Amino acid sequence: MATLMDGAALAARIREEVKSDLAELGAVRLATVLVGDDPASQIYIRLKHRAADEVGIEAIDKRLPDDTPEDGLLELVEELNEDDAVDGILVQTPLPPQIDEARVMRALDPVKDVDGLHPFNAGQLFFGHQTLVGATPVGIMRLLAEYQVPVAGARAVVVGRSLIVGRPVAMLLLHANATVTICHSRTQDLARHTLDADILVAAVGQLGLISTDMVKQGAAVIDVGMNRTDEGLFGDVDPNVADVAAFLTPVPGGVGPMTIACLLENAVRAARYRSGALAFPRI
Ligand SMILES: NC(=O)c1ccc[n+]([C@@H]2O[C@H](COP(=O)([O-])OP(=O)(O)OC[C@H]3O[C@@H](n4cnc5c(N)ncnc54)[C@H](OP(=O)(O)O)[C@@H]3O)[C@@H](O)[C@H]2O)c1
């Protein structure tokens, strides 16, 4: 039976560390921007604000209507970039179709980009000189380290290639010397790849996509998926995978709380970059 990787417990420890960082740093401010009223995004924003409040990070809640034109959002981003009191900015995705997400990410001041989505930060990750890296991929690596899952030399398979989870976690695994395969919706014979994985990361958003017969005996399985149903929140991995895996993240209580805790850490990191306590590389 797999060891369940307790993301909630590790996240609680990280939040305590953030609290003591704040005692040393003073005020840290994180602005979140939500465009529209996507119900899942509203939940994520609420959770992020609650966690920030609990540790003493001041969270600023900016909301724009669903029909906001791209220029309207770019103006707000510019305002937040220029506001000296704001350390970190998070623009919740998905954005409505009239807005080009890539353009918005390019508009962020890279030093405030707590999701690591500005091309400068994504490029830093690509080169292995990490600055701000998204909270979910960082949280996954922290969980693997906490449970002493060997990464160097391991075969890692990441299912999903989004900019926010799949690609950055694949890059972190690669930098940690795993042999990495990235699968996506056009991958043929997914099981052939997943069965080879010592570390399997599922970041798709399809309930139960990864079944027991797709997992190698003794693998570490990280379930990023968050699928809301009338019966509750479920991941991309069938919970029976616990019968074959050595480690498995539960949903809820695995990657989710780690994402929130690592976001708070990123806000602290951004504040340190801005104060000069950490050097932010500039071109
Ligand atoms: N726990 C957390 O903190 C956290 C954080 C972020 C996201 N999430 C959850 O994680 C899931 C993924 O999020 P995301 O933002 O990365 O999603 P996304 O942007 O929709 O990306 C999904 C990825 O899955 C791939 N895919 C779709 N169907 C597939 C299939 N049948 N086989 C293999 N790959 C398939 C897609 O391939 P293509 O690229 O070919 O379309 C895409 O790369 C969602 O459930 C989301 O709610 C959780």
- prompt: Between Ser185 and Ala279, what is the spin-label point distance in nm, taking each point 7 Å from the Cα along the Cα→C-beta axis?
  reply: 4.4
query: How much length is gained on full extension from Arg13 to Arg228, taking 0.36 nm per residue of separation minus their Cα-Cα distance?
result: 74.7 nm
message: Can you work out the Karplus-derived ³J(HN,Hα) for every residue in the range 58-66? Use 6.51 cos²θ - 1.76 cosθ + 1.60 with θ = phi - 60°, whole Hz, and x for glycine or proline.
response: 7, 9, 9, 9, 9, 10, 10, x, 4
statement: Rounded to the nearest 10, the angle in degrees between the Cα long axis of helix 255-275 and the longest principal axis of the Cα atoms of the chain comes to 40
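Sorted by accessible area with a 1.4 angstrom probe, largest first, how do Arg282, Arg13 fall? Before the final figure, lay out the partial values.
Details: Arg282 150, Arg13 120 Å².
So the residues, ranked largest to smallest area, are Arg282, Arg13.
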- line: Probe 1.4 Å, all chains present, heavy atoms only: Tyr44 accessible area in Å², nearest 10, is 50
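Quick one: of the DSSP bridges fully inside the chain, what percent are antiparallel, nearest 5? Each step should come with its number before you reach the end.
Working: 3 of 33 bridges.
Antiparallel bridges: around 10 percent, rounded to the nearest 5.
Quick one: ranking Ser41, Ser275 by accessible area, 1.4 Å probe, largest first, what do you get? Don't skip to the answer; put the middle values down first.
Details: Ser41 5, Ser275 80 Å².
Sorted descending by solvent-accessible area, the residues read Ser275, Ser41.
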field: Expected 222 nm ellipticity per residue - DSSP helices of 4 or more, -39500 (n - 2.57), all of the chain, to 500
entry: -12500 deg cm²/dmol
field: Reachable lysines from Lys112, criterion Cα separation under 23 angstrom, eight or more residues apart if same chain
entry: Lys19, Lys48, Lys62
task: Send over a whole-number figure in Å² for the accessible area per residue of the chain, probe 1.4 Å.
output: 46
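Using a 1.4 angstrom probe on heavy atoms only, work out the carbon and sulfur share of the accessible area of the chain in %. Could the numbers behind the result be given before it?
Values: 6590 of 13010 Å².
Ligands and nucleic acids excluded, carbon and sulfur reach 51 percent.
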query: If you line up the Cα atoms of the chain on their principal axes, what length do they span on each, largest first, in Å?
result: 52, 41, 38
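The values are calculated or read from the model by the stated rules, or taken from the named source; none is laboratory data. Nothing here was measured: the structure is a model prediction, and the numbers come from that model. Because the Cβ atoms are built from the backbone with ideal geometry, glycine has one as well, and the counts that use them run over all protein chains shown. When the accessible area is computed, the model is the full protein with side chains, heavy atoms only, and any ligands, DNA or RNA have been set aside. Shrake-Rupley method; radii C 1.70, N 1.55, O 1.52, S 1.80 Å.
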